[in-house]
Amino acid sequence: MKIDLKLSHQQLGALVFSFKSINTIPVNNREIKVARSVLDKVILKFRKKHLETEQMMTLFSKKKPIKFTLEYYEAHYLESFVSIMDDFPMCEYDKNVLRFIKNGLNQKLA
């Protein structure tokens, strides 16, 4: 089962910025190691798309949403990561973006 996720360029930037703090989450047990290995592939996909869109963005380019297709398990672990990131200190815009992503994924996973 595939899960679709649409993000704007700014939302994608906030999500990619939150990925920088994944190294501060301790790896203690098997569940966290599995989640981390799945998230590594997802993070790579999001960072790559962020770099592509950043290079193509100009002042006059159209601001269309960026579409991602995730496997069910990838969406589950991304939602778990975003839930954990809600407790980390960051600006209000980034927190709102992460909550938006979490809510969207939660509705599609249910």
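Each reported figure results from applying straightforward, stated rules to the coordinates on display, with no laboratory input. What you see is a predicted model; the values in this text were computed from it and never measured. Note that we place each Cβ from the backbone using ideal geometry, even for glycine, and neighbour counts take in every protein chain shown.
Output the pairs from Lys6/Lys45; Lys33/Lys64; Lys67/Lys95; Lys20/Lys48; Lys2/Lys62; Lys41/Lys67 with a Cα-Cα distance over 25 Å in this structure; if there are none, say none.
Values: Lys6/Lys45 14 Å; Lys33/Lys64 35 Å; Lys67/Lys95 21 Å; Lys20/Lys48 14 Å; Lys2/Lys62 27 Å; Lys41/Lys67 17 Å.
From Lys6/Lys45; Lys33/Lys64; Lys67/Lys95; Lys20/Lys48; Lys2/Lys62; Lys41/Lys67, over 25 Å: Lys33/Lys64; Lys2/Lys62.
Using alpha carbons only, how many degrees (0 to 90, rounded to 10) separate the axis of helix 92-109 from the longest principal axis of the chain? Roughly 70 degrees, rounded to the nearest 10.
Starting from the Kirkwood Rh over alpha-carbon pairs, what translational D in µm² s⁻¹ does the chain have by Stokes-Einstein at 4 °C and 1.567 mPa s?
Diffusion coefficient, whole number: 89 µm²/s.
A protection proxy built from the mean count of other Cβ atoms within 10 Å ranks the segments 44-52, 85-93, most packed first, as 44-52, 85-93.
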